[in-house]
Amino acid sequence: MLSRLYDFMPGLNTLLHYERKWFADDVRAALSVAAVALPVAIAYAQLTGVNAAVGLYSCILPMILYALFGTSKQLIVGPDAATCAVIAAVVTPLAAGDSVKHWQLVVTMTAMTGFWCFIASRFKLGVLADFLSKPILMGLLNGVAITIIVSQFSKVFGFTFDDRYLLERLGGVPTYLSQTHIPTLLMALFTLGVFFAMKRLKPTWPASMFAIAFGALLVWVFNLKQFDINTIGTVTGGLPVFNTPIYDIGIIRELVVPALNLAIVSFVSMMLTARSFAAKNGYDIDADKEFRALGIANIGSALSQGFAVSGADSRTAVNDDSGGKTQLVSIISAGIIAVIALFLTAPLEFIPSAALGVVLIIASIHLLDLKAIWLLKRKDKQAFYLALATLFAVLFIGVIPGITLAVLLGLFQFIRTVMRPTDNILGVDIKGVVRSLDATDKAKSVQGVFIYRFNSPLTYFNAGYFKRRLLEQYARQKDDTQCVIIDAVPCFTHLDLSVMAMLADLDVIFKKRGIRLELAGRKRQLLSWFEIAGMTSGKDGIYVHSDLYIALQKNSVSQPSAQVNLFTTHPNEGTAEQL
C-alpha cells in the first residue's frame, strides 16, 4: 500500500526519508529561489494581463504539488515566459478588454491545460517529450522571446501599442518612439542600471528583485506617480477567491486546441530542463509521472485562481547552483511567497510597470539564442530550416498559430523521414561481417547475391517507394544475380497487409526473372504474418531465414575465398553492423 502511494507521489517518498544534513542547503536554495521567483511572477502576471497577486498564486500551490508528485529533485515549476505569452495571445482577443473575464478565461485555460496533461499521463504519452524536436523548440522559444521583447517596449518607453501583431508594431516604430514618455524611460534606465550594478557587485544576489525594489522605493519616496509613471496598482492580498464565470460557456471551445498546444509545449520545455538537471545530479526521471505532475500543478494553479505553469529553467538553475538537494526547496519557497501574498502585498502597488518591462526583456534575452540556430546550418541544414520556419511562423502569424505550425512541421518531418528513408546495399568485409557497401571498399558484394536494407519501418504509405527503390537498386547490379535478400530487421516491424501485398508482387516480378526473393530476420513473426496474409513461404514462395548470416550461408555457392570466412564467423559477431 505504501509503495503504491510512493509510486503515485514520488516526492513524498523523499520527504518522508529526509536526511537532516540536507536541510541547510535546501533552506539556502529556497531563499534564493523565492527571491528570483517573486519579481518574475509579478512580471509574468503583467505579461499575462492579470493582477500581480495572480502571479503569486501561480507559484504557491503548484510548487507544493509538484514537490509531492514530481520525480525531479531540482526542478522548480512556476510562471514561464513562453507559457504566459501563449495564454495572453489566446485570451486577450476573447476577453475584449474585460479584466474580470480575462482573468477567468486565463484560469479556465490553465485548468484545461492541466486536464490535457493529466489525460496524457493516463495514456502513457510521456514520449511526447521527444515529439517537438530540439530545432522546433529552439525556433519557438526564440520567436516567443522576440515577441515578448517587442511587446515590453511599450512599458519601457511609456506608450501603448495600437497594433496587435509584431510586423505592424515594427512598422510603426517611428510613430511609437515619437510618443516616448521621458519619465517612464528614465525609470526603465534606472532599473536597468540597478540590475547591472547588482550583477557586478553581488553576482549571486537576485538582481531582478533589487532592481524592482529600488524602483518601487523611488516611486514611493518621491511620489513619482505625479509624473504619470505607471505602476502595477493595488494588489489585493489574502486568499484567492473563486469567482463564478461571467462569460458564455461556448467560448470554452476556443480554448480547447490552444490548451492542448500549451500542454505539449509546456511539457516538452519542462522535460528538457528536468532531464538536464537529473543527468547532472545522477538520477532518472519518469516522463509519464512528470506529465501527471505538470497536470496536477496546473489544476492546482487554476483552483487557486492562478495561471498556467511549467518548468522554470532559470529558477531551477538557481536552485541547483545554491545546492538544493530535495523537493523541500519548492515547499519552503512556496511558503515564503505565500506569506508575501497574504500579508505583504501593500508595497507591491508602487512597483513601476517600466521596471517590470525591463525584467521581462532581460528574462527574454536569456531565452534568445539565435546563434544556436545559425550553428545548425553547418551541422544539419534540415534542422536549421525547421528552426527558422518555426521562428518566422511565431513572429509573423502569432504565437498560437506558430506553435500549431511547429507541431505540424515536426509531424511532417517525421512522415517524410519514414516515407523517404535512406537505404543501403550490403556486402561482407574480409572478416565476414555484413556491412554497407560504400566508397571505402571495406566490404565487397557477395557473388550472385543482392542484399538490400531499407532504413525505416514498412507501412502502407512507403511500401510503393520501397518497391521502387529495391527494383532501381537491383537494376544497377550485374546480370549474375540469383538471389535478392532483404534485411527484414529494420523494415518489417509490424503487420501491414498492404506491405504483404507489395511483397507478393515483388516475388512474382523476381520469379519471372528466375531470381529468388528471400527475407532475413524476424522469421517467426514473418511466417505468422504470411499465414494471415495467405502467402506462401519456402520453395514455392518467399524464403525466410533467421538472420542475414544464415541466409548467406544458404546461398554460399561460388563464394570468393575472402568471403568464405563469413560462414565460419559466429552470427553474433556481426550483430552491430547488421542491425
Original post:
Tell me, what is the FRET efficiency for Thr175 and Phe396 to the nearest 0.05, using R0 = 25 angstrom and their Cβ-Cβ distance as r?
Top reply: 0.75
Original post:
Considering only DSSP beta bridges with both partners in the chain, what is the antiparallel share in %, to the nearest 5?
Top reply: 50 percent
Original post:
Sorted from largest down, what three extents in whole angstroms do the Cα atoms of the chain have along their principal axes?
Top reply: 98, 60, 51
**OP:** Within 10 Å, count the other beta carbons around each residue, average over each peptide in 516-525, 352-361, 247-256, and list them highest first.
**Re:** 352-361, 516-525, 247-256
Original post:
Over the range 421-578, how many percent of alpha carbon pairs lie in each 5 Å bin up to the one with the longest distance?
Top reply: 2, 9, 19, 24, 22, 14, 8, 2, 0
Subject >> Globularity index of the range 451-539, i.e. its alpha-carbon radius of gyration over 2.2 N^0.38 Å >> reply: 1.02
Original post:
Can you give the net charge of the other residues whose Cβ lies under 12 Å from the Cβ of Arg122, counting K and R as +1 and D and E as -1?
Top reply: +2
Original post:
Fully extended, how many nm does the chain gain between Asp540 and Thr204 (0.36 nm per residue separation, minus their Cα-Cα distance)?
Top reply: 113.3 nm
Original post:
Using the Cβ atoms and a cut-off under 11 Å, what net charge is assigned to the surroundings of Met138, where Lys and Arg are +1 and Asp and Glu are -1?
Top reply: +1
**OP:** Between beta-carbons, use under 15 Å as the cut-off and find the net charge around Ala355, counting Lys and Arg +1, Asp and Glu -1.
**Re:** +1
Original post:
On a 0 to 90 degree scale, rounded to 10, what angle separates helix 523-533 from the longest Cα axis of the chain?
Top reply: 90 degrees
Subject >> Computed [θ] at 222 nm, deg cm²/dmol, the chain (DSSP H ≥ 4; -39,500 (n - 2.57); rounded to nearest 500) >> reply: -20000 deg cm²/dmol
Subject >> Kirkwood-based shape ratio for the range 39-138, expressed as Rg/Rh from alpha carbons >> reply: 0.99
Original post:
With +1 on each Lys and Arg Cβ and -1 on each Asp and Glu Cβ, how big is the dipole of the range 421-578 about its Cα centre, in debye rounded to the nearest 20?
Top reply: 200 debye
**OP:** Output the Kirkwood hydrodynamic radius of the range 158-309, Cα pairs only, in Å rounded to one decimal.
**Re:** 20.5 Å
Subject >> Ranked packing of 227-237, 164-174, 317-327, most packed first, by mean Cβ within 10 Å >> reply: 317-327, 227-237, 164-174
Subject >> Packing-based order for 100-107, 89-96, 469-476, using average beta carbon neighbours within 10 Å, highest first >> reply: 100-107, 89-96, 469-476
**OP:** For the range 17-87 and the range 402-430, write down the distance between their C-alpha centroids in whole Å.
**Re:** 39 Å
Subject >> Approximate spin-label separation Arg420-Arg378, in nm, with each point projected 7 Å along Cα-to-Cβ >> reply: 2.8 nm
Subject >> Inter-label distance for Ile252 and Lys134, nm, one decimal - labels placed 7 Å from Cα along Cα-to-Cβ >> reply: 4.1 nm
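Only the coordinates and a few stated rules stand behind these numbers; no lab work does. In this text, all values refer to a predicted model and were calculated from it rather than measured experimentally. Please note: Cβ atoms are built from the backbone with ideal geometry, for glycine as well, and neighbour counts cover all protein chains shown.
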